[in-house]
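Here the structure is laid out as structure tokens; the discussion comes afterwards.
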Amino acid sequence: MTDHESLVRRSLAGTDAFDERVRAQADRLTAALADGAFDNEAATLGLELEVYALDGEGEDRTLAPIPDDVYDGPADKELGLHNAELNAAPSRFDDDGVAAQAAEIESDLAATRERAREHGLEIVLDAMPAVPPAEGTHAYLDDVDVRGGTEREAGTEGDRPVVVPGGDPDDPVLVARNMRRDPRYGALDNVAVRRAGGEIDFSVPGAETGYRTILFESLATSIQPHVQVPDPTAFPRYHNLATRTLGPLVALAANSPFLPGDCYGDVDDPERLVDETHHELRIAAFEQSMNQGCRKVRVPDDLDEPADALEHVVADDSFAPFLREWIEGEARSASDRASGSTTREQTADPRDGEASAEEAGVETEGQKGGDPTSAAWEFDYKRGTFWRWVRGVAGGTAVDGACDERSLRIEYRPLPTQPTVRDIVGLQMLTAGLLEGLVAADHPLGELPRADAERSFYAAVEDGLDADLAWVTADGERTSDSDAIFAEVFEYARRGLAEQGVDEATRDRYLDPVEARWGTGVTPSAWKKGRVREHLADGADLERALARMQGEYVELSREREHFAEWI
């Protein structure tokens, strides 16, 4: 049995110790919060950016795995072999901090692209590929190895066994071959498949299928702006306002209206599919992959007190629990096996001569949660599976003159990866500036009922800028008038950036191109739909139309400064 398999089985078997530690660690964090340990001097910004790789040229590109040596640069590994993540380190939320965020993303992306091009690959700033891997999308995403177990199969489809994983020695465990070999990813995968009864259904307009793994979620790539709130007492207001902004910001950012072309099969009316497909399929991919027997991925509940950000994590369903020593224990076991010795004296100090988890064959890079330096490892791990579209996080990175490692931040998680770095930073500035502006103005948007904000979000997911959005104006009036809503979105984003010392030229540089989307009515998803319609009208079938659009997107993304230059 491999270390990976044994750790997955251990997680599937469950442990009461996990929830007990999460509770105790949350209590310590709550006490520290009450004692002022999370009070800080100034706000900070951070950013996560997910990308994918394509092989080939023009309309003949295919989704492709990224070789390991590409990750010797600034990129981190992510769920799928074709994914990578870049992170901008936190910086002060001011004009210099904005410049630092943009410069780091630009530099790291260039370095990662250079490494990938040595293998003939292109790193793409996009939210979902419209072209398949060389072997086909279903073959790639559904490629699993069944480890162990007896003939306890839920069913078969040809030579494709559909099994229900489990933690007992006689139960099978699934290993998705195109997923990072991280046992925590593996455990999440097996738990979701077990809850689904052996196969996870995935349904969006024009495509209905099933997978024996959550890996179809890896088709979706996102950006996640982070905003650290220096005053914890204000944190619930920031969090709840962030939820109310989901609809308008997703409508402006939308960029994933299509799956890879081979997912659709024979389509009788491709023009109708283009009309009916949602502007943001990423949301469905993530929610349908993980919401098995519970609603892990969803719009968050409101916070009443700062400590609610901790309590909501504790109360959430525990999903594929892990204990810190399981990872460390596997690493020590590998070290002992390599040295041929397991004497107590030689392992009296558990850190002495310890192999890393990666040296033990246990890959952990890229998995969120479980910071090895944390005194709240299990809490951090569970928070990493607290998949809300807005998430409150306790802890972080120290920034000189702003905060130490003990801070509270908003992670704004529903935004798709954008076509260019300037668009990415523009969405980051729009998000952070809007939250700061709404709070500074004591804007009444928080009076919008959470349920209405949730409906507004899913309306934007489906219909983009044409969505029926919900808002409360500065005068306290309910409105669904998009002109009024987006006027306030950009007004208060600019106000918030100004409050943080971001100068006018910087504000205009990053917000003007995003605002142009509203003025023209064209977002990246709308552009994609339009290009596919044109290729269909020229006689291409759907799969070829999608491939041509994808090729055009890659070239424009690489050559243009920002998306507004395309339209």
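The values are calculated or read from the model by the stated rules, or taken from the named source; none is laboratory data. Not measured: the values here are computed from a predicted model. We place every Cβ from the backbone using ideal geometry, glycine too, and count neighbours over all the protein chains shown. Side chains included, ligands, DNA and RNA excluded: accessible areas come from the protein's heavy atoms. Shrake-Rupley method; radii C 1.70, N 1.55, O 1.52, S 1.80 Å.
Some notes on this structure:
- Under-22-angstrom lysine pairs by C-alpha in the chain, whenever the two are 8 or more apart or on separate chains: 5
- Once both labels are positioned 7 Å from their Cα atoms along Cα-to-Cβ, the gap between Arg560 and Asp541 label points is 3.0 nm.
- Site pair Ala99 and Ala139 shows an inter-label distance of 5.2 nm when each label is modelled 7 Å from Cα along Cα→Cβ.
- Looking at the chain, the accessible area is 37 square angstrom per residue; that uses a 1.4 Å probe and ignores ligands, DNA and RNA.
- Evaluating kT/(6 pi eta Rh) at 25 °C and 0.890 mPa s, with the Kirkwood radius of segment 222-262 over Cα pairs in the Stokes-Einstein relation, gives 192 µm² s⁻¹.
- Per-residue ³J(HN,Hα) for segment 507-520, Karplus 6.51 cos²θ - 1.76 cosθ + 1.60, θ = phi - 60°, Hz, x for Gly and Pro: 4, 5, 4, 9, 8, 4, x, 6, 5, 4, 4, 5, x, 8
- Computed in the context of the full set of protein chains, the accessible area of segment 88-141 at 1.4 Å probe radius has 49% of its extent on carbon or sulfur.
- If the chain linking Ala441 and Glu325 were pulled fully straight, counting 0.36 nm for each residue of separation and taking away their Cα-Cα distance, it would gain 37.0 nm.
- Contact order for segment 365-498, expressed relative to its length and based on alpha carbon pairs under 8 Å spaced 6+ residues apart, stands at 19 percent.
- Accessible surface of segment 156-304 [probe 1.4 Å, protein heavy atoms]: carbon and sulfur percent: 39
- The chain - mean residue ellipticity at 222 nm from DSSP helices (-39,500 (n - 2.57) per run, n ≥ 4, rounded to 500): -13500 deg cm²/dmol
- The Cβ shell under 12 Å around Asp503 holds other residues with a net charge of -2, Lys and Arg each +1, Asp and Glu each -1.
- For the chain, alpha-carbon Rg over 2.2 N^0.38 Å: 0.96
- Rounded to 5, percent antiparallel among DSSP beta bridges of the chain: 95
- When the inverse distances between all different Cα atoms of segment 408-564 are averaged and flipped, the Kirkwood radius reads 17.2 angstrom.
- Considering only Phe563, Ala498, Ala251, and ranking their Cα positions along the charge dipole of the chain that arises from unit charges at the beta-carbon of Lys, Arg, Asp and Glu, the one farthest toward the positive end is Ala251.
- Using the Karplus relation 6.51 cos²θ - 1.76 cosθ + 1.60 with θ = phi - 60°, the per-residue 3J(HN,Hα) values for segment 230-242 come to x, 9, x, 5, 8, 4, x, 5, 4, 4, 5, 5, 4 Hz, with x marking Gly and Pro.
- Sequentially through segment 72-81, phi angles give Karplus couplings (6.51, -1.76, 1.60; θ = phi - 60°) of 6, x, x, 6, 9, 6, 9, 4, x, 5 Hz, Gly and Pro residues having no value and appearing as x.
- Over segment 447-518, Cα pairs under 8 Å with separation of 6+ residues give a relative contact order of 19 percent.
- Contact order relative to length of the chain, as percent, for alpha carbon pairs under 8 angstrom and 6 or more apart: 21
- Three-way shape call for segment 1-64 based on the alpha-carbon gyration tensor, with the a/c threshold at 1.5: oblate
- Shape category assigned to segment 135-275 from the gyration tensor of Cα positions, a/c cut at 1.5: oblate
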